[in-house]
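Okay, structure first, notes after.
The values are calculated or read from the model by the stated rules, or taken from the named source; none is laboratory data. Just so it is clear, the model here is predicted, and its values are computed rather than measured. A quick note on method: Cβ atoms are made from the backbone with ideal geometry, for glycine too, and the neighbour counts reach across all protein chains shown.
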Amino acid sequence: MARSNRPVPQGSEMSGGTATLPPPAVRPRRRHPGTVRLGNLAIGVAMPIALLALWQASARFNILPEQILPPPQAVIGVLRDGWNDGSLQANTLVSLGRVANGFLAGGVIGLLVGVVLGLSAAWRAMVQPLFLTLAQVPILGWLPILILISGLGDTPKIIAIGWSTFVPVVLNTSQGIAQVPRSLLELGDVLSFSRWSRLRSIILPSAVPQIFTGLREGLANGWQTLVAVELLGSFSGLGYMMAYGRQLFQLEMVLAAVVVVGLIGVLLYLFLGFIERRLLRWQAGRS
Amino acid sequence: MIRIRVTTFLASLGVALTGLALPAMAQTTTIRIGYPGVGIDNRPYGYGDYPSIAAVGKYIEAEFKNQPNVKVTWTFFRGAGPALNESIAAGQIDFAAGLGDLPSIVGKSRGLNTEYLAAGGIHSPLYLAVPANSTITSIDQLRGKRVAEFRGTNLQMATDRVLQVHGFSEKDIRFISLDMNSATAALVSGAIDASFGGSEYLDLAKRGIVKIIYSTKGDDPTLGAESGIVVTTAFEKAHPDLTEKVVRGFVLAAKYGSDEANRQAVFAIWAKSGLPAGSFAADFKDERLAHRDSPVIDPYLIARYKDQVAHAKAYHLITNTVDVDSWFQPKYLNEALAELKLQNYWPTYDSRGNKLTDGAVEQTRAAGE
Amino acid sequence: MTSLRPSLILHGRPYVIPVLLLLVWEITAHSGLVDSKFVPSLEAVARRGWAEIGDGDLGSDLLASLRRDMTGFVVGATLGLSFGLLMGFSALARRLFGPLLLVHRQIALFAWIPLLSAWFGGGEDGKLAFIAMAAFQPTLMNTWRGVANIPPSYRELAAVLTFNRLDFIRTIALPGAMPEIFVGLRSALIYAWIATIGSELLLDISPGLGGRMNEGQQLFEMDLLVFYLFVLGFVGVLLSLFALRLESHLIRWKAR
């Protein structure tokens, strides 16, 4: 089949990063969509700069009414005021904290469950279909129930973020472990490794790229979920800022929050990309 | 290849735009009215004011009985005033009936071109509700508690004023913005400690599910919430005749809603929202219908709105000020009142709340009075 | 393999755990240990579901949501496909729009709700814009990648056969990129559905599953919420299976 055999994105995947392809046997020089070579930097920033100029012009000459597109200065003003009175930092940290907690919980539990499922085909057959079906329900579908049970505070948010992290981590971890190449497993037999040694020295390291893919997807999902659940109802956070701006028709506040959300998204993407490249280099070094 | 794609794209864009322009040349005019609120379980009914009566009684549609090419649509917004503002900004609504003071002021200050045509529900009291087993007994104990407030609506304005009177500001409370139904559910389930709202809590209080620990009813009369009938400048300029008829329809609905003889009938109409008629009886205890359903623009109303604009600025809810005098357009209202011979139906008050002229509605009596 | 192969459904093992869980749930609901308001019994859920279907509510809400979903998906996927092809085939477009589209991708989807709501209103237009945006990114990225990763041998073949640009795209490049494009479309279908439910919960009330669940939450109707959870899962599975079937049907020629 020509279908690529990486995990099919399931219901809770809302990945902001690019899902990676499994490393092919021979690595041809493929173009990665999105890498901008330094030489093209000038053209690369041309568009954003043009857009910014258009934005400024619209504000100046009222091309689009200001309630639809507030001037860039207004957005900067909100960011500055928010920074000065500390509310911007506070809201950002609260949001990041929720993601961190949810990612930690979902990631750790997901790794454990993923390892178990990866090692046992029997368990996989029993759990995977149910799991995949559950994953088809959009995370927002669970939220009314979560809110009824645990209110509007941090708990339902962290649970939701944890679940959206859990799913890709489990799927990728179990697949990574289940698909350790036969040759490596045979090597372990030849060297009469104990089960524990086999797990530690052969299976886990071989599965690391796939596990990392799962964690990466989990983090991206968690971040997406955070914004959604904060918009549904929260006392604090970036989503709260957005809702406030929306209710009071202050689009500059909404835009300011979107800028911060986008910035964090970009930083996450760059950071995870950096770690992934490090990991691949280590992987290539080992094999 | 790129050239071909671009041309095709532009061509289809051109066709699309022409297609959009065609309806404008069609004969039917649709008057799109928006109401800022929904009933229990989001049903499309309002309560507590006369625009909701106008919707149920089809008063506006009646004005265009003999004009088959004029259609009237009503949309009920769960997101209340703020959602109505979004719709106005997107050009999807012509009249906002019962739009609260804060959202209409916010919209106007942000450059939404609207005209204020008539009062659309005034002196609405604010209620503070807590769960039945709560230990909170007064506003002063709200510091640091989780409280629901429907942001951007006239409830927020009223809440901010009440808080100011009691010596604290929004920053002292952990506010969450929830629409009416969500706030009620959150309060009952204990997800929040208190909620500022309207008459929807009265029935819950009667059933012992919540306690109402504060109300502006009986307190300083300037602490309530006001609403108005607002039209987009674009519609008003394009169809002044239709605007006049719409205002006429609203005035007739206001007359019905102000006549004490209709008291029970009015409560029954509002009960279509899902709230029992009993809550309105409690909400209107010792209060005449006309006190809330009067559509007149008198010096008192103008002073109230100027006051609200000043407070909105003080609470940093708006940055640009709103010139109430140029925003208010009483001419349609006055024309309708003259046409219907209702100029002296409602009393008028001066800017300090003292009565200026008497109104015939004060003579109306409810059954059994 | 982690995809839902229809043959798995025939074997017994996948059913062990779900059946066990349902048993535990049913026992808990009837035990009196937990407030029945929070854990409705299975019959209560079934009864409620039956009522919803009978009222016609489920049918009309489901239809409304799916209609919204499909319309938004088509708009978003078409835009994504067009841009993806553009980015894949034109180095200039890549340099011009690449960074911008990547940044757009990193902005969490739901962060767009307040803005789209202000620009298009919270009604049908706003919801469609949001759903289209959700379908746009996955389609764009995968189409782009599909085109960019056409094996060099294919291009060499085209050169040998002296194909012009258009012929190359039509007969070799597009079919070559199809599998990747389909992955993108499947992903977009899922995101569009998530966006549909999300838009119904966060924007103006209108017929749809999200609105119904919103009511259920406000009125504490746990049985309704659980029933609609099943509905959501069911629709999600159907959408996935439908997409898989469509894909394997359309690129059958690639099977080995």
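Only one of the numbered conditions (1) more than 10 Å from chain A (Cβ to nearest Cβ); (2) out of contact with any Lys or Arg (no Cβ under 9 Å at 6 or more places or on another chain) is violated by C:ILE172, and that is (2). Scanning region A:181-214 for residues that are modelled with pLDDT of 85 or more and either crowded, with 22+ Cβ neighbours inside 10 Å or not in a helix (DSSP H, G or I) (or both) returns A:ALA207, A:GLN210, A:ILE211, A:THR213, A:GLY214. In region B:281-369, counting only helices (runs of 4 or more DSSP H) that sit wholly within it, the ones holding 3 or more residues that are over 26 Å from B:GLY152 (Cα atoms) and out of contact with any helix residue (DSSP H, G or I) (no Cβ under 8 Å at 6 or more places or on another chain) span B:331-339.
Scanning region B:268-280 for residues that are surrounded by 20 or more Cβ atoms within 10 Å (Cβ to Cβ) and either part of a helix (DSSP H, G or I) or of a type in the set (Asp, Glu) (or both) yields B:ILE269, B:TRP270, B:SER273, B:SER279, B:PHE280. Scanning region C:182-221 for residues that are more than 18 Å from C:ALA64 (Cβ to Cβ) and among the charged types (D, E, K, R) yields a count of 2. Annotation note: of A:VAL116, A:VAL127, the sole residue that is more than 19 Å from the chain's Cα centre (by Cα) and more than 9 Å from chain C (Cβ to nearest Cβ) is A:VAL116. Only helices (runs of 4 or more DSSP H) whose full extent lies in region B:30-94 are considered here, and the ones with at least 3 residues that are crowded, with 24+ Cβ neighbours inside 10 Å are B:50-56, B:80-89. Can you confirm whether A:VAL254 is within 20 Å of the chain's Cα centre (by Cα) and among the hydrophobic types (A, V, I, L, M, F, W, C)? So A:VAL254 does not fit the description; no. Among the numbered conditions (1) buried (at least 16 other Cβ atoms within 10 Å of the Cβ); (2) not in a loop (DSSP other than H, G, I, E, B), the only one that C:GLY122 does not meet is (2).
Quick one: which of B:ASP172, B:ASP179 is among the acidic types (Asp, Glu) and in contact (Cβ under 8 Å) with a residue 60 or more places away in the chain? Full working, then the answer.
Working: B:ASP172 fails: in contact (Cβ under 8 Å) with a residue 60 or more places away in the chain.
Going through B:ASP172, B:ASP179 in turn, the sole match is B:ASP179.
Restricting B:ALA118, B:ALA191, B:ALA129 to those that are at pLDDT 90 or above, under 25 Å from B:GLY228 (Cβ atoms) and crowded, with 22+ Cβ neighbours inside 10 Å reduces the list to B:ALA118. With respect to A:LEU79, is the statement that it is within 25 Å of the chain's Cα centre (by Cα) and either surrounded by 15 or more Cβ atoms within 10 Å (Cβ to Cβ) or not in a helix (DSSP H, G or I) (or both) true? Judged against the criteria, A:LEU79 is a match.
The rows are residues; the columns are (1) within 14 Å of chain A (Cβ to nearest Cβ); (2) closer than 28 Å to B:THR114 by Cβ; (3) in contact with a strand residue (DSSP E or B) (Cβ under 8 Å, 6 or more places away or on another chain); (4) not acidic (Asp, Glu).
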position: B:ARG151; (1), (2), (3), (4): yes, yes, yes, yes
position: B:ASN154; (1), (2), (3), (4): yes, yes, yes, yes
position: B:ARG207; (1), (2), (3), (4): no, no, no, yes
position: B:ILE213; (1), (2), (3), (4): no, no, yes, yes
position: B:SER227; (1), (2), (3), (4): no, yes, yes, yes
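When region B:136-154 is limited to residues that are out of contact with any Ser or Thr (no Cβ under 9 Å at 6 or more places or on another chain), in contact (Cβ under 8 Å) with a residue 60 or more places away in the chain and hydrophobic (A, V, I, L, M, F, W, C), the one that is nearest to B:ALA80 (Cα to Cα) turns out to be B:ILE139.
When A:ALA178, A:ALA243 are checked against the criterion of being within 30 Å of B:SER104 (Cβ to Cβ) and either in contact with an Asp or Glu (Cβ under 9 Å, 6 or more places away or on another chain) or more than 14 Å from chain B (Cβ to nearest Cβ) (or both), a single residue qualifies: A:ALA243. Take the residues of region A:95-140 that are buried (at least 19 other Cβ atoms within 10 Å of the Cβ) and β-branched (Val, Ile, Thr): which is modelled with the lowest pLDDT? Checking each candidate, the answer is A:THR133.
For every residue, the table says whether it meets (1) more than 8 Å from chain A (Cβ to nearest Cβ); (2) over 20 Å from C:TRP193 (Cβ atoms).
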position: C:SER82; (1), (2): yes, yes
position: C:LEU100; (1), (2): no, yes
position: C:GLN106; (1), (2): no, yes
position: C:LEU115; (1), (2): no, yes
position: C:GLY122; (1), (2): yes, no
position: C:LEU128; (1), (2): yes, no
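Restricting B:ALA314, B:ALA265 to those that are without any contact (Cβ under 8 Å) to a residue 40 or more places away in the chain, surrounded by fewer than 17 Cβ atoms within 10 Å (Cβ to Cβ) and under 20 Å from B:LEU155 (Cβ atoms) reduces the list to B:ALA314.
Checking every residue in region B:254-266 against the condition of being under 17 Å from the mean Cα position of the chain (by Cα), among the aromatic types (Phe, Trp, Tyr) and not in a loop (DSSP other than H, G, I, E, B) gives zero matches. Look at region B:18-36: where a residue is more than 30 Å from B:GLY100 (Cβ to Cβ) and a partner is part of a strand (DSSP E or B) and at pLDDT 55 or above, sitting 6+ places away or on another chain with Cβ atoms under 7 Å, you get B:THR28/B:LYS71.
Residues of region C:148-169 that are in contact with a Lys or Arg (Cβ under 8 Å, 6 or more places away or on another chain) and away from chain A (no Cβ under 14 Å): C:PHE168 alone. Among residues of region A:231-251 that are in contact (Cβ under 8 Å) with a residue 40 or more places away in the chain, those with a beta-carbon under 7 Å from a residue that is surrounded by 24 or more Cβ atoms within 10 Å (Cβ to Cβ) and acidic (Asp, Glu) at least six positions away or on a different chain give the pairs A:GLY237/A:GLU230; A:LEU238/A:GLU230; A:GLY239/A:GLU230; A:TYR240/A:GLU230.
Given the condition of a type in the set (S, T, N, Q), in a helix (DSSP H, G or I) and either touching a residue at least 24 places away in the same chain (Cβ under 8 Å) or closer than 24 Å to B:GLU86 by Cα (or both), answer yes or no: does some residue in region C:159-173 qualify?
Taking every residue of region C:159-173 in turn, none turns out to be of a type in the set (S, T, N, Q), in a helix (DSSP H, G or I) and either touching a residue at least 24 places away in the same chain (Cβ under 8 Å) or closer than 24 Å to B:GLU86 by Cα (or both).
Once region C:231-240 is narrowed to residues that are closer than 16 Å to C:MET70 by Cβ and of a type in the set (A, V, I, L, M), the residue that is surrounded by the fewest Cβ atoms within 10 Å (Cβ to Cβ) is C:LEU238. Would region B:185-197 turn up any residue that is polar (S, T, N, Q), part of a strand (DSSP E or B), more than 30 Å from B:VAL247 (Cα to Cα) and away from every other protein chain (no Cβ under 14 Å)? No; the residues of region B:185-197 include none that is polar (S, T, N, Q), part of a strand (DSSP E or B), more than 30 Å from B:VAL247 (Cα to Cα) and away from every other protein chain (no Cβ under 14 Å).
Residue by residue, here is whether (1) of a type in the set (Phe, Trp, Tyr); (2) outside the structural domain of B:ILE209 (by TED's automatic domain parsing); (3) surrounded by fewer than 20 Cβ atoms within 10 Å (Cβ to Cβ); (4) at pLDDT 95 or above holds:
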{"residue": "B:GLN141", "(1), (2), (3), (4)": "no, no, yes, no"}
{"residue": "B:GLN156", "(1), (2), (3), (4)": "no, no, no, no"}
{"residue": "B:ARG161", "(1), (2), (3), (4)": "no, no, no, no"}
{"residue": "B:GLY167", "(1), (2), (3), (4)": "no, no, yes, no"}
{"residue": "B:ASP172", "(1), (2), (3), (4)": "no, no, yes, no"}
{"residue": "B:PHE175", "(1), (2), (3), (4)": "yes, no, no, no"}
{"residue": "B:MET180", "(1), (2), (3), (4)": "no, no, no, no"}
{"residue": "B:ALA183", "(1), (2), (3), (4)": "no, no, no, no"}
{"residue": "B:ALA186", "(1), (2), (3), (4)": "no, no, no, no"}
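Within region A:225-239, if we keep just the residues that are at the interface with chain C (Cβ under 9 Å from one of its Cβ atoms) and among the small types (Gly, Ala, Ser), the residue that is nearest to A:ALA256 (Cα to Cα) turns out to be A:GLY239.
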